[in-house]
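A quick write-up on the structure given underneath.
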Amino acid sequence: MGLAVRGRRTGSLRGPAQDRPTREARCTQLGTDFRPRSIHRKWVPIDPPRPELLARRRAIGEQIRLARRHRGLSQERLAERSGLDRKTVSRIENGRISPPLDYLLLIADALSTPLYRLVRDAEPSVDQ
């Protein structure tokens, strides 16, 4: 039971709702991508990426994986060297997320590889 001030809850005592995951966390668990898309900050699903973009994303992830293995690094070691989380590195390699340019630059620096090699050499496979 929260404290009422002029008919509004102060938020100092929130009760069971405080333990619930956020809407964004629930959507992530369901595998949908929700982002605010309006001036009212309503959470609505964004359009899924086109299949050719997903294939390209997977191909770039595969190039990162090949370069990492060529240098004998684990995902954890690459994450340490790049300053990213190991789960983020895994998601990038598996094509589950679209990494920002900053992440790709950090990974390329950690692998001592020019970024263009990771992106240019990535040819999406025909079966995907």
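Each reported figure results from applying straightforward, stated rules to the coordinates on display, with no laboratory input. Just so we're clear, the structure is a prediction, and the values are computed from it rather than from any experiment. Using ideal geometry, Cβ is built from the backbone for each residue, glycine included, and neighbour counts are taken over all protein chains shown.
Dividing the alpha-carbon radius of gyration of the stretch 49-128 by the rule-of-thumb value 2.2 N^0.38 Å gives 1.00.
Gain on full extension, evaluated as 0.36 nm per residue between L115 and L53 minus their Cα-Cα distance, stands at 20.5 nm. Under a Cβ-Cβ cut-off of 15 Å, what is the net charge of the residues other than L73 that fall near it, where Lys and Arg count +1 and Asp and Glu count -1? After counting each charged neighbour, the total is +3. Site pair D102 and R69 shows an inter-label distance of 3.1 nm when each label is modelled 7 Å from Cα along Cα→Cβ.
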